[in-house]
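Everything on this sheet refers to the single structure shown next.
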Amino acid sequence: MSVHDPGDGLEYPAVAPATRDQPDPRHDVRQAKDEAFSAFYRATVRSLVGFLVNQGAGVHVAADIAQDTMLSAYERWDTIGHPRAWVHMVASRALLRRIASCEEQPVEQLPEPTSLLADPDAIKAWEDRHDLLPLLRSLPPRQRQVLAWALSGFTPGDIAEQLGMSDDAVRASLYKARRTVAEAIKEREEGQ
């Protein structure tokens, strides 16, 4: 026998009410889910922001997309088979939608500090320290996307699966991207 909970639309096995000596098993399941997701969030969110920045997003946009993606992941946590790949794919698609929308969002003041962006004024200094960002942003979009996945630790096979590409196409894009970045670094070093 099962009980339908109209609050979340799921059915749960019929369980006798919890007593003082016997905790509610649904509480234990939710607590385990929260703990697993919390550990995943802490281990993944900052690298997800970096992944989006490597694809061309500004730091504020990347942080917003990462937070939205993590919220979606939490809501679907029990159904996601490979959470790390899932959040990277969802975030990548959200970035592509945001880029394609071409909406300007002017602001009069810098955004408020958040846990991911504790000091919004320091973002420019951070970007300046990471001098590879301009090189990555100069790559064609597909090369930049594939390289961002590779920099996040995904193999060419993983990337091909997630992006719906052939392994050969991924390897070719990675080769071209790496060659372009290496040539730009060599030119910059020779010019100094």
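Laboratory data are not the source of any read-out in this text; all were calculated from the coordinates shown. Computed from a prediction, not measured in an experiment: that's the story for all the values here. Heads up, the Cβs are rebuilt from the backbone with ideal geometry, glycines too, and the neighbour counts pull from every protein chain shown.
Key figures
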| quantity | calculated |
| --- | --- |
| Computed lengthening from Arg42 to Ala172, 0.36 nm per intervening residue step minus Cα-Cα distance | 43.5 nm |
| Peptides 177-190, 159-172 ordered by average Cβ neighbours within 10 Å, highest first | 159-172, 177-190 |
| Extension gain from Asp68 to Asp34, taking 0.36 nm per residue of separation minus the Cα-Cα distance | 10.5 nm |
| Footprinting exposure proxy for Thr155, Thr44 (fewest neighbouring C-beta atoms within 10 Å first) | Thr155, Thr44 |
| Pairwise label distance in nanometres, Lys186 with Ser101, each label 7 Å out on the Cα-Cβ vector | 4.2 nm |
| Sites His27 and Met89 - FRET efficiency at Förster radius 35 Å, r taken between beta-carbons, to 0.05 | 0.65 |
